[in-house]
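Here the structure is laid out as structure tokens; the discussion comes afterwards.
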Amino acid sequence: MTNPFRPAPLTLAITTATILAAGCAQSPSSAQNTQPATRANVVEHYAGLAHANYEDALITARALDEATDQLIANPTDANLQAAKEAWLAARVPYQQSEVFRFGNAIVDDWEGQLNAWPLDEGLIDYVKPDEYQHEMGNAGATANIIASNSVTVGGETLDVSTLSPQLLADLNEVGGSEANVATGYHAIEFLLWGQDLHGFDAGAGERPVTDYATGADCTNGNCERRGEYLDAVTDLLVTDLEWMVAQWAPGKDGNYRDQLTAADASQGIQKMLFGMGSLSLGELAGERMKVALEANSYEDEHDCFSDNTHNSHYYNGQGIQNVYTGTYRRVDGSLVTGPSLSDLVEQANPELDARLNSQLDASMAALQKMKARAESSQDPMAFDEMIGPGNAEGEQIITNSIMALVEQTGSIEQAAHELGIAALSPDDAGHAF
Amino acid sequence: MKRLSQAVFLSMTALVLNVQAAAPDNASAQAGERAREIWHQQIEGGYQTLSEKAGEFAEHSRHWCADPATGSRSDVEQAWQQAFMAWQAVRFVDFGPIETDNRAWQLQFWPDPKNLIARKARYLLSADQAPTTDTIAGAGVAVQGFPMAEYLLFDEPFNRGDQALPAERSCQMLTAVASHIAANSEQQLSDWRAFEKHYIASEQYQDASVRAGMNALEILEERRLAQPMGLRGTGKRSAYVADAWRSGKSLATVEATVRGLKTHYLPGLELLLENSGQPGLADRIRGQFNEVLENFPALDTPMAPLLADDREFSRLQGLWVDVSQLTTLVNDQAAVAVGVVRGFNSSDGD
């Protein structure tokens, strides 16, 4: 992992050794950031952070595309394993980028094709019927595109005989159901891992590599079509990310970054804070953790096929901290730093800045515990085990993370107030462009 | 990532300092305290009704299940409905003791797009041991509240099957769930009473109280109406996204919530508005509550047929417009007038 765990500082000193060593904005000895932070340069740097983050998402998606091409050409256990590892690596930058979603309508409108969840996977491929609960009223939930030349959803018949990236994009949310996820990371995850039939017990999906075998070795039918699907859906992921990278690229007239940095800087600051707060509270603490925990519902587990949910949560949390500190550790290990929201809040209210920084550290520490427990070599406990009825230890781990996120969101609200950002309403976010 | 958020909340009120920086002057501090006294009393009345009705529901369930031949199923259904509507009236309160052990989620887990309720019911009804109150207490929020009781009483496929009520195992589950609801409702009433002093003395609860109504109206407009009506997201109309579709009571819950806000929330808000020199706005809000309520009882009808027919749909649109106007008056105008800023809530995200 490229982001070493940093313990919460107990003092008011807001910088940790890790950041100091890399030279961050708060460090007086820093050579690279001598400029005082202003709203304008903070928003400019935010755009740079987003660009670096999406570039990393693209780099790792290309590696995933190559690994899946290998798997399709030569379906061996080693190649399936390599494709899974490439998928896991691709999630690291992408989950950090989710903090850019809320507030930036251009991301929110686009991301449904990349990260929609939870999905009715029976739309895509075979499922075990008695272990499959789909969204109520979803006519596409058992369409099985891979096994069909045409699918009929809500009275509409679609020719799916040739599986192209464009076709899959058109099929996403077919029939008006958000659970009809034909594209993106979770569709790929399902194609690599398959259904997790273990419920609250240990174990993820166990799709056999022979699901991609040719001729008589093919298991579960339609192996060639399955390979075509995997090929098309990974190609689409790459082109979608290329588009988003271009939106955040510097020096391009009329792209999103150009508009964002040309607008009143306070609007950009509002988007940053809104993105942090929305991901922290409503989405990560609420939707992705509390619902799954309190309802004991593995249907509400985020990366349910691969059991990589702990990392999805961890890197979501990391993304929130990235935006506040203006720091991003790239997948090649290099560090992006610059003027940050933290600098601005420190100018206005150093005590609040110190508190929020230590709360961000505390939430990362809580998420790190979840990650460490899930990845323990001795006795791993995946997120879907943690949410099982009567698992007191798992419940405590998740509750600690939720509470830390709730606390930091309170300070994010105060930071918004401190910076004179009155409305955090989503209705104000995204309408400016 | 467009899944509908659980319309439930993670409150920060206990953790956040009041960010309305200026200390209130004496007159407005007194008005705030008076408003909290009114809110406390009004909400207590709502919890009192909930506790009574939930007790009656548990009693009717026990009675019917003990002797289905002499008891009446429709009495149980009626009692469920009255208790559920009593909950709708105080559902907006998202601070204080209702936060303990996720009591609000326990009473109503919603929305449930993946039909977790049915899955959990199947699981518990096929388990080796008959469900007891202890089973229910440890089985998670999808099992513990009104929607599970609704499933047992009203779900059509379930009630066509051989486990249909009053089958013994299903009856055991119904009575256990009903008694869990009753115990929670009674505890909530008693905790709310114990909360009185702290609530009235703590200025931070003024914002929390105003925001509770704001959040409830936002959820009502966006999640409970616009979403099933297909006015949001993918544009697909779906009755399953609404509350209480199994019993056909989605719109009745809207009425109960609005009536509850008018009874238990509005009086405290009015006092604050009058104190801020905005009595005219208070009048307009009261008038708009009445506008919304004029849609009833005509609209006390299942939602699905209204979604299926464009002419009927326009009646629903009329209600939605009235609710939207009410939301605008409270969440934009009144909130500004009394100095409350919308914070993050659980409906952020998608």
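The values are calculated or read from the model by the stated rules, or taken from the named source; none is laboratory data. Computed from a predicted model, the values in this text were never measured in an experiment. Please note: Cβ atoms are built from the backbone with ideal geometry, for glycine as well, and neighbour counts cover all protein chains shown.
Looking only at residues that are more than 22 Å from residue A:155 (Cα to Cα) and charged (D, E, K, R) in the range A:174-197, which one is nearest to the chain's Cα centre (by Cα)? This residue is A:189. Checking residue B:120 against (1) facing chain A (nearest Cβ under 10 Å); (2) among the charged types (D, E, K, R); (3) within 15 Å of the chain's Cα centre (by Cα): exactly one of these is not met. Which one? Among (1) facing chain A (nearest Cβ under 10 Å); (2) among the charged types (D, E, K, R); (3) within 15 Å of the chain's Cα centre (by Cα), residue B:120 violates only (3).
Within the range B:209-216, can one find any residue that is in a helix (DSSP H, G or I) and either within 11 Å of chain A (Cβ to nearest Cβ) or closer than 22 Å to residue B:304 by Cα (or both)? So far as the range B:209-216 goes, yes, one or more of its residues are in a helix (DSSP H, G or I) and either within 11 Å of chain A (Cβ to nearest Cβ) or closer than 22 Å to residue B:304 by Cα (or both).
Entry remark, the range A:131-159: residues being more than 14 Å from chain B (Cβ to nearest Cβ), more than 30 Å from residue B:120 (Cα to Cα) and either within 29 Å of the chain's Cα centre (by Cα) or small (Gly, Ala, Ser) (or both) number 4 in total.
I'd like to know if the range A:166-176 contains one or more residues that are more than 14 Å from chain B (Cβ to nearest Cβ), at positive phi and touching a helix residue (DSSP H, G or I) at 6+ places or on another chain (Cβ under 8 Å). No: the range A:166-176 contains no residue that is more than 14 Å from chain B (Cβ to nearest Cβ), at positive phi and touching a helix residue (DSSP H, G or I) at 6+ places or on another chain (Cβ under 8 Å).
For the range A:351-360, the count of residues that are part of a helix (DSSP H, G or I) and touching a Pro at 6+ places or on another chain (Cβ under 8 Å) is nonzero. For residue A:201, are the conditions met, namely being over 24 Å from the mean Cα position of the chain (by Cα), in a loop (DSSP other than H, G, I, E, B), closer than 23 Å to residue A:387 by Cβ and more than 14 Å from chain B (Cβ to nearest Cβ)? Against the criterion (over 24 Å from the mean Cα position of the chain (by Cα), in a loop (DSSP other than H, G, I, E, B), closer than 23 Å to residue A:387 by Cβ and more than 14 Å from chain B (Cβ to nearest Cβ)), residue A:201 qualifies. Taking residues in the range B:330-350 that are within 9 Å of chain A (Cβ to nearest Cβ) and closer than 17 Å to residue A:270 by Cβ, and partners anywhere that are at pLDDT below 70 and part of a helix (DSSP H, G or I), the pairs with Cβ atoms closer than 7 Å and at least 6 places apart or on different chains are B:348/A:426. Only one entry of A:400, A:322 meets the criterion of being in contact with a strand residue (DSSP E or B) (Cβ under 8 Å, 6 or more places away or on another chain) and at pLDDT 95 or above, and that entry is A:322. Residue pairs whose Cβ atoms lie under 8 Å apart, sitting 6 or more positions apart in sequence or on different chains, and linking a residue in the range A:110-123 that is within 7 Å of chain B (Cβ to nearest Cβ) to a partner that is hydroxyl-bearing (Ser, Thr, Tyr), are A:115/A:94; A:115/A:185; A:116/A:183.
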